[in-house]
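Peer 1: Here you go, one structure.
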Amino acid sequence: MLWVQHKKSQKSVAFTRATDGGVFNAIIWDVVVDPSFQGIGLGKAVKERQIEELLDKGISNIALYSEPRVLGFYRPLGFVSDPDGIRGMVYSRKQKKKK
Ligand SMILES: CC(C)(COP(=O)(O)OP(=O)(O)OC[C@H]1O[C@@H](n2cnc3c(N)ncnc32)[C@H](O)[C@@H]1OP(=O)(O)O)[C@@H](O)C(=O)NCCC(=O)NCCS
């Protein structure tokens with residue numbers, strides 16, 4: 001878990017989270033930047049730091065799910081869609097509506 005704290009307000013303004021199995025695979029779960037702090041490089045900074053830390057641990061495969069509107073954020077960081085034809089699959093159980 002990595003985050004950036006605004007010194008003045010002590011508020012967390014950028015956050016990212018990943019899990020790894022301690023061998024060579026990791027999954028990034030989130031990256032979120034407070035809307036009033038977006039567009040100044042914080043998202044890119046936390047991602048670059050996270051990737052560096054995972055690589056330093058020997059992790060060589062880092063996967064993530066991306067909404068279509070954010071693909072352009074991840075691509076310059078080195079992420080590619082469907083590498084070698086690999087496709088993501090999801091088992092998703094429909095939640096029952098609460099009455
Ligand atoms: C996506 C998000 C994390 C980007 O963070 P940010 O701090 O605003 O981004 P940065 O300022 O670090 O931008 C880094 C680069 O990515 C680009 N970029 C940012 N958001 C982008 C987007 N949605 N699509 C394409 N490029 C994007 C910037 O233009 C910048 O390019 P540059 O290096 O050429 O100048 C942020 O907008 C956010 O929190 N969004 C809501 C949550 C979300 O959608 N998370 C991703 C879930 S998959």
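Rule-based calculations on the coordinates, nothing more; no lab input. As the structure is a computational prediction, the values presented were derived from the model and not from experiment. No Cβ is skipped: glycine too gets one built from the backbone with ideal geometry, and neighbour counts run over all protein chains shown.
Peer 1: Beyond 21 Å, what share of the Cα-Cα pairs of the chain remains, rounded to the nearest whole percent?
Peer 2: 43
Peer 1: Report, for region 2-81, the % of DSSP beta bridges that are antiparallel, rounded to 5.
Peer 2: In region 2-81, DSSP labels about 75 percent of beta bridges as antiparallel.
Peer 1: Report, in deg cm²/dmol and to the nearest 500, the calculated mean residue ellipticity at 222 nm for the chain, where each DSSP H run with n ≥ 4 adds -39500 (n - 2.57) and the sum is divided by the residue count.
Peer 2: Helix-only estimate at 222 nm: -5500 deg cm²/dmol.
Peer 1: If the only charges are +1 at each Lys and Arg Cβ and -1 at each Asp and Glu Cβ, what is the size of the charge dipole of the chain around the Cα centre, to the nearest 20 debye?
Peer 2: It comes to approximately 900 debye.
Peer 1: Percent relative contact order of region 22-99, based on C-alpha pairs within less than 8 angstrom and at least six residues apart?
Peer 2: It comes to 38 percent, rounded to a whole number.
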